[in-house]
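Peer 1: Can you read through this structure? Questions will come right after.
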Amino acid sequence: MDVFNLLPFFPTPYPDELLYSILARYHRLSQNSSIKQTMVDLFGTNNATAVIGFPNRLGRLVEQFPPGTGYTAFMLITNHSLLPLFSPFLPIARVEEVENAMISNHDGMGIAMKVGVMPNKIPMQNFLRYCPICLQQDEDHFGEMYWHRSHQIAGIHVCYKHNAYLIRAEQTELIGFNKQYFQMPADTFTRNIQLNDSLDLHFMLAKQAHWLVNNKIHSPGLDILYEKYVALLDKNGYLTVKGTVKANDLLNAFKCTYGEEFLSDMYSNLDFGSQDTWLHKLVRSPRRAQHPIRHLLLMHFLGITPEHFF
C-alpha cells in the first residue's frame with residue numbers, strides 16, 4: 001500500500017546533476033537504515049527502483065516535496081534526466097508518451113524502448129562514471145561530490161569540460177542488478193587524471209551532447225529532421241539530380257572521416273555490404289527514431305553543430 005507523507009527536506013539540485021544523484025544524497029542525509037525506507041519516503045512505496053537515466057514515479061515524488069520547494073516533475077525531467085538528449089530526435093507524440101511514463105506512478109518498464117535505445121544497439125549504462133577533475137572541483141565548490149548526467153551518456157568517453165577520460169565508478173555496476181541501490185561518489189574513488197591529449201572527435205561529441213542535454217530543444221518531428229538532413233546532404237554533394245542519396249559515396253566518406261575504431265567506440269559500426277545500416281536509415285524518409293549520438297555524428301560529418309541545426 002502506498003504511503004503519503006511530506007518529506008522533511010529535499011536536497012537542492014546541483015548543475016547538471018543526475019536525479020539518481022539527488023535521491024542518493026537524500027538517502028545519505030536522511031540517515032535511513034534501509035533503501036526501502038528511503039523509497040517509501042520519496043515515492044510512497046518500497047517497490048520503487050533507483051534508475052540512472054529515465055527515472056519514473058516523478059509525479060508521486062514531487063507530491064511529497066516539502067512546501068516551497070518549487071520543483072515540478074517536468075523540471076526534474078528537463079534538468080536532471082537524460083530525456084532532453086533524446087527528445088529532439090523523437091516523434092513529438094513519443095516525447096509526450098515518455099514524459100507521461102516518467103511522471104506516472106508505475107514501474108517505468110518500457111521507457112528505454114520508447115526512446116529508441118534498445119533497437120539502436122547502443123546500450124543503456126547500468127553503472128556510473130565520473131570525471132576526477134569535476135569531482136575535486138565539486139567538492140571544493142559545493143562541499144560534496146555528485147554524479148553529472150552528462151557523464152552518463154553511452155558513447156561519450158571524456159568530460160565535456162576538462163577533456164579527461166571518464167572513469168567507471170567501482171561498485172556502481174550493482175545498479176544494474178539491485179534496483180534499490182544508491183551510491184554516491186566516494187573519497188576512495190581513484191583521482192588519477194588521464195587527459196585526452198588532443199582536441200579530437202571524442203571531446204567534440206562530449207561538448208555537443210552536453211549542450212543538447214542542457215538546452216531545452218523541443219522535437220521538431222522526424223519529418224522536419226529528415227528535411228534538414230536532405231538539405232545538408234544536397235549542400236555537401238550527396239544527392240543525385242533526382243534527389244536520391246548517393247549511399248555508397250556517403251558511407252565511404254563517413255568511414256574515412258571517422259574510422260572504424262572510432263565508430264566502434266560509438267557503438268555505430270557500418271557494414272558496407274548492407275544497404276540497411278543505421279546511416280541508411282538516418283538519411284531515408286524516417287520510420288523510427290535513431291540514437292542521439294548517431295545524429296551528432298551525421299551533423300558533424302555534414303559540417304553543422306546542434307546549435308545551428310536546431
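Peer 1: Just checking, how many residues over segment 182-217 are within 20 Å of the chain's Cα centre (by Cα) and modelled with pLDDT under 85?
Peer 2: 4
Peer 1: Let me ask something else about it. Taking F142 as meeting all but one of (1) hydrophobic (A, V, I, L, M, F, W, C); (2) at pLDDT 95 or above; (3) crowded, with 18+ Cβ neighbours inside 10 Å, write down the number of the exception.
Peer 2: The one condition F142 does not meet is (3).
Peer 1: Okay, next question. Given the options D234, D276, name the one that is of a type in the set (D, E) and either farther than 30 Å from L82 by Cβ or assigned by TED's automatic domain parsing to the domain that holds M204 (or both).
Peer 2: D234
Matching residues to (1) modelled with pLDDT of 90 or more; (2) touching a His at 6+ places or on another chain (Cβ under 7 Å); (3) more than 22 Å from E144 (Cα to Cα):
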position: N5; (1), (2), (3): no, no, yes
position: L23; (1), (2), (3): yes, no, no
position: G44; (1), (2), (3): no, no, yes
position: G53; (1), (2), (3): no, no, no
position: E63; (1), (2), (3): yes, no, yes
position: I77; (1), (2), (3): yes, no, yes
position: L83; (1), (2), (3): yes, no, yes
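Peer 1: Considering N105, N56, N79, which residue is in a helix (DSSP H, G or I) and over 21 Å from R287 (Cα atoms)?
Peer 2: None of the others qualify; the one that does is N79.
Peer 1: Given the conditions (1) farther than 21 Å from I153 by Cβ; (2) touching a helix residue (DSSP H, G or I) at 6+ places or on another chain (Cβ under 9 Å), and given that W278 satisfies all but one, which numbered condition is not satisfied?
Peer 2: Checking W278 against (1) farther than 21 Å from I153 by Cβ; (2) touching a helix residue (DSSP H, G or I) at 6+ places or on another chain (Cβ under 9 Å), the one that fails is (1).
Per-residue answers, yes or no, for (1) within 29 Å of the chain's Cα centre (by Cα); (2) buried (at least 16 other Cβ atoms within 10 Å of the Cβ):
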site: D234; (1), (2): no, no
site: G237; (1), (2): no, no
site: K242; (1), (2): no, no
site: L250; (1), (2): yes, yes
site: C256; (1), (2): yes, no
site: S268; (1), (2): yes, yes
site: F272; (1), (2): yes, no
site: T277; (1), (2): yes, yes
site: A289; (1), (2): yes, yes
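Peer 1: Any idea how many residues of segment 17-46 are assigned to a loop (DSSP other than H, G, I, E, B) and either among the aliphatic types (A, V, I, L, M) or not assigned by TED's automatic domain parsing to the domain that holds P84 (or both)?
Peer 2: 1
Peer 1: State all residues of segment 222-232 that are buried (at least 17 other Cβ atoms within 10 Å of the Cβ) and not aliphatic (A, V, I, L, M); if no residue qualifies, say none.
Peer 2: Y229
Peer 1: Can you run down the residue pairs with Cβ atoms below 9 Å, 6 or more apart or on separate chains, where the first is in segment 223-252 and under 23 Å from T305 (Cβ atoms) and the partner is part of a helix (DSSP H, G or I) and among the acidic types (D, E)?
Peer 2: Hits for this filter: G237/D249; Y238/D249.
Peer 1: When W211 is evaluated against the numbered criteria (1) assigned to a helix (DSSP H, G or I); (2) free of Cβ contacts under 8 Å to residues at least 24 places away in the same chain; (3) under 30 Å from C131 (Cβ atoms), which criterion, by number, is the only one it fails?
Peer 2: Going through (1) assigned to a helix (DSSP H, G or I); (2) free of Cβ contacts under 8 Å to residues at least 24 places away in the same chain; (3) under 30 Å from C131 (Cβ atoms) one by one, W211 breaks only (2).
Peer 1: Hey, among the residues in segment 80-97 that are more than 15 Å from N56 (Cα to Cα) and of a type in the set (G, A, S), which one's surrounded by the fewest Cβ atoms within 10 Å (Cβ to Cβ)?
Peer 2: A93
The values are calculated or read from the model by the stated rules, or taken from the named source; none is laboratory data. Please read all numbers here as calculations on a predicted model, not as lab measurements. Quick reminder, even Gly has a Cβ in these numbers, built from the backbone with ideal geometry, and neighbours come from all protein chains shown.
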